[in-house]
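Below: one structure, written as structure tokens.
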Amino acid sequence: MSTKEKVLEEVLVEEVTTANNEIVLYNDEVNTFDHVIDTLIRVCRHTAEQAEQCSLIVHYNGKCTVKTGEFKDLKPQCTQLLEAGLSAEII
């Protein structure tokens with residue numbers, strides 16, 4: 001007869017979690033598409049196509065996430081969007 005031995009291993013898994021926040025841009029009746037697009041390109045470093053798509057999503061859906069990341073990185077960008085007259089918040 002043979003003996004079978006089972007070996008149980010404990011594996012410690014360490015996850016790196018970062019609290020991702022989002023800058024949400026809201027629709028308004030004041031700013032033009034061009035102003036929103038130019039501001040997203042300048043502040044959030046969007047491509048022209050990306051900024052245009054975000055502006056359309058904001059227009060038709062009322063809001064759009066335009067940037068994700070850590071709060072400390074998003075805060076200055078959100079401030080710049082607000083200073084440019086856009087309606088945005090970090091969630």
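The values are calculated or read from the model by the stated rules, or taken from the named source; none is laboratory data. Just so it is clear, the structure is predicted and the values come from calculations on it, not from any experiment. Cβ sites come from the backbone with ideal geometry, for glycine too, and all protein chains shown count toward neighbours. Remember, those area values only see protein heavy atoms, side chains included, never the ligands or the DNA or RNA. Shrake-Rupley method; radii C 1.70, N 1.55, O 1.52, S 1.80 Å.
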Separation between Cα centres of the range 58-90 and the range 20-37, rounded to whole Å: 7 Å
Run lengths n ≥ 4 of DSSP H only: what is the helix-derived mean residue ellipticity at 222 nm for the chain, with -39500 (n - 2.57) per run over all residues, to the nearest 500? -13500 deg cm²/dmol
Ignoring ligands, DNA and RNA, what percent of the 1.4 Å accessible area of the range 5-91 is carbon and sulfur? 50 percent
Förster-model FRET efficiency, 35 Å R0, Tyr26 and Asp73, C-beta, rounded to 0.05: 0.95
Can you run phi through the Karplus equation (6.51, -1.76, 1.60; θ = phi - 60°) for the range 52-67 and list ³J(HN,Hα) in whole Hz, with x for Gly and Pro? 5, 4, 4, 5, 5, 4, 4, 4, 8, 9, x, 6, 7, 6, 9, 7
Identified option (computed P(r) over Cα pairs in 5 Å bins from 0, in percent; candidates (i) 3, 13, 21, 20, 10, 5, 4, 3, 3, 3, 3, 3, 3, 2, 2, 1, 0; (ii) 3, 15, 28, 24, 17, 9, 4, 1, 0; (iii) 3, 14, 26, 28, 17, 7, 3, 1, 1, 0): (i)
Would you calculate the separation in nanometres between label points at Ile91 and Val13, each defined as 7 Å from the Cα along the Cα-to-beta-carbon direction? 2.9 nm
Given GluC sites (Glu not before Pro), DSSP loops and at most 10 other Cβ atoms within 10 Å, the longest exposed-site-free stretch of the chain is 30-91
Give me the 1.4 Å probe accessible area per residue for the chain, excluding ligands and nucleic acids, in Å². 78 Å²
